[in-house]
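Written out below as structure tokens is the structure these notes cover.
The values are calculated or read from the model by the stated rules, or taken from the named source; none is laboratory data. Bear in mind the structure is a predicted one, so any value in this text is a computation, not a measurement. Cβ coordinates were reconstructed from backbone atoms using ideal geometry, including for glycine residues, and neighbour counts include every protein chain displayed. What goes into the accessible areas is simple: the full protein's heavy atoms, side chains included, and nothing from ligands, DNA or RNA. Shrake-Rupley method; radii C 1.70, N 1.55, O 1.52, S 1.80 Å.
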Amino acid sequence: DDPWMLHFLKLGQMALVLGDSLFVHGGLQDDSIGYVPKQEALEKDVHTWVKRLNEWKERELRLFIKGPEWVQEPAGPSSCDPQTEDPVPENLDESSSPAPAKTPTGGGAASTLTRAAAELIAYGTPGYGTRTIIYFNPFDNGNPVPRSAKVQHFLVDSGIRRLFSGHQPHGQTPTVVRHMQTGLLAITADTSRSDSNGSKVFNENNNRGRAISIVRVQGPWTSVVGEMNDGIGHGFRLNTDMQQDELPDMLVGRQLVDQSWVKTIVSKSGEEEHKRVIAAFGQGFKVSIVDMNISQACLKLKKSYGWGEGVLAVALSELAPEMLAGGTASHESCADGYDDIHTMRSIKRRHPLFELEEFMKASTFVFSFNGVVRVADLEARKKIVDNVNKLIAAKKRVVFVTNDSTLSRRSLWTRINEIGINMQEPMKSHFYKEIARSKSREVAEEMLKQNSVVTSAHTAVWYLKQRSVKNPFCVTFGTGIHEELREAGITTYYSTVDEKGKVKPEFLEPVSAENICNLIAKCPDVDAIVIGWHHQLSALTIAVAAQYIRWNKELGRVLPCVACSQDKTGVMGKVPTNFVKESFRGLKVGTVGNGGMADVICRTAGPGVEAIDCGKPSDIFATHMRWPLQEGGLGIDFEHAVYVGDSMDTDIVLANKTGMRSLLVLSGITHKDEYARKRQKDPSTSPTWVIDSFAHIHDDASMFDRFFSTLHSYVKSSSATSSYSGKTSQSADSSPKGHVTR
């Protein structure tokens, strides 16, 4: 009666070229570019291809108008056959309406049930495969991916600099992918799921809320302006020539090391200095959003997206504590009903079974020393050491890290060699042989040590050096920080311990104004506070450190306060098996951690005082790991590295925020039940793989099957009653087969 869809299709186009911009619904992939149904040859030019594609659509519509009914035909060529001729006249009357379609009935084996324009209908469905530009998802499991080199060159060679598409919702703002090699801008502008909780009073299908974005193309510039659901304005402006872009807008469309993409720029006050960067990471139907300052975004850029280049380079000496604070995280759902939510939950809860072959593809392996390599079980430790040595023998780079600030690189290096790690094997490589020949073996070994171990004490001192600190006050225990300061050429430090690592008696005295003043008088010109893990922290030490900060603040000076880690607790060991209370036996013996001590000092110093975290999983530690070797960093390429750790809160979070794949071992601080609970609540703590111990990476698969069968049972019992929108969630071992990946 009212063929409105037909009229709509008459007006619409399969693709549209306007100037240097191409508009499509879904997107382009290798098999779809240049392809026109019913045409054998591929088109080589975008303009000709788009013209032929739209002409094919017109012919299909004319076929449909002529005969929309389902018909039974003998098996053979049909309207979907590329060889079928189109007998319909070229003119398509706007007033034409098809006759009512007949309901299809079954046919025999020797006949085919078909319909005019069947291929046009199929072209807009997933069944058409990889040759459609209508039904194509430009994301991988909900996260944007760059277009292939073939697609990029097909477009750019025809003068296309911008590709616009829709089809796939991805949060409140358009998603941009900037291609660094060709300059192509790909913009997916579907915000139809920007707020699934939008008011349904006037429109029961309202999933947009108040979020709005306007995309404008003006000459070589593409600008986006709009408003988020919370009323905060956002926007950016990008040129087809990326050399014309300016900070912070030029960050949009670039990928960060944690695999998220910069989506837009916001400013709550509208002032330039208060602009924030919004980055998003998609997984399934869930989009995780993090806002951060401009410097943080620059520090987290992937190398292939300009990290450390030109205006994107960040001087660590200029970073204030608040600029290193973690961004605000939130989550958005692009789910379309219960089935999609069902799928999202099954994706989140799948178990990452270990795959040795995939694990071994990495070129660099980063090990958390305590809990992974250095374990209490001596038999397991021997196997672990053997497995690490196999990696070294396979010419893999191995790096050891720790948040224990009582250790320097030199002392950690000694421990690594003492337990049997064969760090002499890398000395046989051509690189270190050449250094030993041209300089000396001692120089070569020192370089190997610097390239293979890092402690939080070393990272903290590396950061102090970046800030040109010359006279820090050290709240510390042991000799780790002292050794690193001397290695860095900082020799005029003032410390709570002597050169043997013992606490100076004067810092164990009672708190009094006289004692505070006397201690500060010994070194009044302190230019930073560095806080390590102190095993005998006294009230007087806290007061002295806080007073340094407060007095300088009152005089208008900012005294950097650097923490070797933000670990709130530390583990000293386990309750003896012969302890008086039997139920306590074997439990962890904890104490105040480095971060807890830093918090006390900062709070005592007054409001607004924050410590700069230099331990795992901080941005400073991550930056130190990827910083060039020649500038004191580790030079680790995160994309080709695997992190092996025992702590979900530090090791795995660090791996996830840097984009490294990760292996969680349950031989240290994290146990099986704790792992199962945490990964349900916080995806940022979920590893790529998990096994019980690094001692077993070469064991047969049956061991892992047994291990995970018990884990499955635990998760099933603990989460079977959890609900979402009043519906019982699917248990982990009944996840749809198509959504379980390894």
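Residue by residue through the stretch 532-551, note down the ones that are open to solvent by less than 20 Å² (accessible area, probe 1.4 Å) and polar (S, T, N, Q). Residues satisfying the conditions are 538, 541. Residue count for the stretch 556-577, restricted to those that are out of contact with any strand residue (DSSP E or B) (no Cβ under 8 Å at 6 or more places or on another chain) and either among the β-branched types (Val, Ile, Thr) or modelled with pLDDT of 95 or more (or both): 2.
Among the numbered conditions (1) surrounded by 14 or more Cβ atoms within 10 Å (Cβ to Cβ); (2) outside any loop (DSSP other than H, G, I, E, B); (3) modelled with pLDDT of 70 or more; (4) of a type outside the set (A, V, I, L, M, F, W, C), the only one that residue 343 does not meet is (3).
Can you pull out the residues in the stretch 561-612 that are assigned to a loop (DSSP other than H, G, I, E, B) and under 22 Å from residue 551 (Cα atoms)? Before the answer, list the steps.
Let us first name the residues in the stretch 561-612 that are assigned to a loop (DSSP other than H, G, I, E, B), namely 564-568, 575-581, 585-587, 593, 606-611.
Passing the criteria: 606, 607, 608, 609, 610, 611.
Residues that are charged (D, E, K, R) and free of Cβ contacts under 8 Å to residues at least 60 places away in the same chain within the stretch 468-491 comprise 470, 486, listed in sequence order. Filtering the stretch 33-50 to residues that are without any contact (Cβ under 8 Å) to a residue 12 or more places away in the chain and buried (at least 16 other Cβ atoms within 10 Å of the Cβ) leaves only 43.
Among the residues of the stretch 664-672, is there at least one that is outside any loop (DSSP other than H, G, I, E, B), open to solvent by 10 Å² or more (accessible area, probe 1.4 Å), of a type outside the set (A, V, I, L, M) and out of contact with any Cys (no Cβ under 8 Å at 6 or more places or on another chain)?
Keep residues of the stretch 664-672 that are outside any loop (DSSP other than H, G, I, E, B), which gives 664-665, 672.
So of that shortlist, the ones also open to solvent by 10 Å² or more (accessible area, probe 1.4 Å) come out as 672.
Cutting the leftovers down to of a type outside the set (A, V, I, L, M) gives us 672.
Right, trim to out of contact with any Cys (no Cβ under 8 Å at 6 or more places or on another chain) and you get 672.
The answer is yes, given that some residue of the stretch 664-672 is outside any loop (DSSP other than H, G, I, E, B), open to solvent by 10 Å² or more (accessible area, probe 1.4 Å), of a type outside the set (A, V, I, L, M) and out of contact with any Cys (no Cβ under 8 Å at 6 or more places or on another chain).
Restricting attention to the stretch 401-426 and to residues that are of a type in the set (S, T, N, Q) and not in a loop (DSSP other than H, G, I, E, B), the residue that is surrounded by the most Cβ atoms within 10 Å (Cβ to Cβ) turns out to be 402. Out of 37, 82, 74, 3, report the one residue that is under 30 Å from residue 157 (Cα atoms) and modelled with pLDDT under 90. After ruling out the rest, the residue left standing is 82. A search for C-beta distances below 8 Å between a residue of the stretch 194-216 that is touching a residue at least 12 places away in the same chain (Cβ under 8 Å) and any residue that is in a loop (DSSP other than H, G, I, E, B) and open to solvent by 80 Å² or more (accessible area, probe 1.4 Å), counting only pairs 6+ apart in sequence or on different chains, returns 194/208; 195/208; 195/210; 198/208; 198/210; 209/197. Determine if the stretch 278-291 includes at least one residue that is open to solvent by 10 Å² or more (accessible area, probe 1.4 Å), of a type in the set (Asp, Glu) and at pLDDT below 95. Scanning the stretch 278-291, I find at least one residue that is open to solvent by 10 Å² or more (accessible area, probe 1.4 Å), of a type in the set (Asp, Glu) and at pLDDT below 95, so the answer is yes. Summed over the stretch 431-467, residues that are within 18 Å of residue 409 (Cα to Cα), over 34 Å from the mean Cα position of the chain (by Cα) and free of Cβ contacts under 8 Å to residues at least 12 places away in the same chain total 2. If you go through the stretch 226-258 and keep only what is crowded, with 16+ Cβ neighbours inside 10 Å and part of a strand (DSSP E or B), you end up with 226, 227, 234, 235, 236, 237, 238, 239, 255, 256.
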